[in-house]
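Working notes for the structure below.
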Amino acid sequence: MVLTSSSYTVLSRGSIAPNFSLKGIDGNSYSLSDFASKKAILVIFMCNHCPYVQPKMDYFVDLQSRYGPSGLQIIGINSNDAEKYPEDNFEKMKEYAKKYGFNFPYLFDQTQQVAKSYGAVCTPDPFLLDSKHIVQYHGRFDDAHGKSHSKATTSEMEDALNAVLSASQVSVPSLPSMGCNIKWK
């Protein structure tokens, strides 16, 4: 495991997020345009086995539950090489989603092109977009890396999310997320 921080070399605040079309664990295909009515979209590059993602999975579900009625849509994307890391294969994605009660689409980026187009390098690596798919925040959820959100003393993602949902300027500094590196082919 290599601890990796978010990279800001591809997308930065104000960039338009690339569209994608990826298969979800429910068998449907999803793209950003499917969520045109949402005020905020939180794209989280994640995986099943990462010890930095697992403690946050309940928090992802909680965020979607609490903020979904206000216009949030979370999209989880797994870009890891599932051949070398079978714990991240499509069937295991279904198991983890069921275990944690995912209430958001969980998509498989088999070619890894979506992760590359966003500049995602770690798990979790979250990108908060506004209704026009412009990156408003790319950074950590909180200061509890590798721990549950309940252990955090900050809440950068929720601060940024509240600003986007209220159509205010996001003033939260983009402190990098940290986690396992994406397992490239």
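The values are calculated or read from the model by the stated rules, or taken from the named source; none is laboratory data. Treat the numbers as computed from the prediction; the structure is a model and nothing was measured. So basically every Cβ, Gly included, is an ideal-geometry build from the backbone, and we count neighbours across all protein chains shown.
Please list, ordered by first then second residue, the pairs with beta carbon atoms under 6 Å, 6 or more apart or interchain, first in region 24-50 and under 14 Å from Leu161 (Cα atoms), second of a type in the set (S, T, N, Q) and buried (at least 19 other Cβ atoms within 10 Å of the Cβ).
Qualifying pairs under 6 Å: Lys38/Gln73; Ile41/Gln73.
Collect the residues in region 135-145 that are under 15 Å from the mean Cα position of the chain (by Cα) and either more than 18 Å from Asn78 (Cα to Cα) or among the hydrophobic types (A, V, I, L, M, F, W, C) (or both), keeping them in residue-number order.
Val135, Gln136, Tyr137, Phe141, Asp142, His145
Kindly provide the set of residues from region 134-152 that are over 18 Å from Asp58 (Cβ atoms) and surrounded by fewer than 19 Cβ atoms within 10 Å (Cβ to Cβ), ordered by number. Reasoning before the result, please.
Residues of region 134-152 over 18 Å from Asp58 (Cβ atoms): 134-139.
The one that is over 18 Å from Asp58 (Cβ atoms) and surrounded by fewer than 19 Cβ atoms within 10 Å (Cβ to Cβ): Ile134.
With the condition kept exactly as written, say whether any residue in region 157-176 is on the phi > 0 side of the Ramachandran plot and aliphatic (A, V, I, L, M). Let's see the steps before the verdict.
Step one: of region 157-176, the residues on the phi > 0 side of the Ramachandran plot are 167.
Next, from what is left, pick out any that are aliphatic (A, V, I, L, M): 167.
Scanning region 157-176, I find at least one residue that is on the phi > 0 side of the Ramachandran plot and aliphatic (A, V, I, L, M), so the answer is yes.
From the list Phe127, Phe102, Phe108, pick out the single residue that is closer than 13 Å to Leu175 by Cα and within 14 Å of the chain's Cα centre (by Cα).
Phe127
Quick check on Ala120: is it without any contact (Cβ under 8 Å) to a residue 60 or more places away in the chain and either on the phi < 0 side of the Ramachandran plot or aliphatic (A, V, I, L, M) (or both)?
no
Quick grid of which residues meet (1) at pLDDT 95 or above; (2) aliphatic (A, V, I, L, M); (3) crowded, with 23+ Cβ neighbours inside 10 Å:
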| site | (1), (2), (3) |
| --- | --- |
| Gly68 | yes, no, no |
| Leu72 | yes, yes, no |
| Gly76 | yes, no, yes |
| Glu83 | yes, no, no |
| Lys92 | yes, no, no |
| Asn103 | yes, no, no |
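Counting only residues that are among the hydroxyl-bearing types (Ser, Thr, Tyr), in contact with a helix residue (DSSP H, G or I) (Cβ under 9 Å, 6 or more places away or on another chain) and over 23 Å from Asp142 (Cα atoms), how many does region 75-130 have?
Of the residues in region 75-130, 0 are among the hydroxyl-bearing types (Ser, Thr, Tyr), in contact with a helix residue (DSSP H, G or I) (Cβ under 9 Å, 6 or more places away or on another chain) and over 23 Å from Asp142 (Cα atoms).
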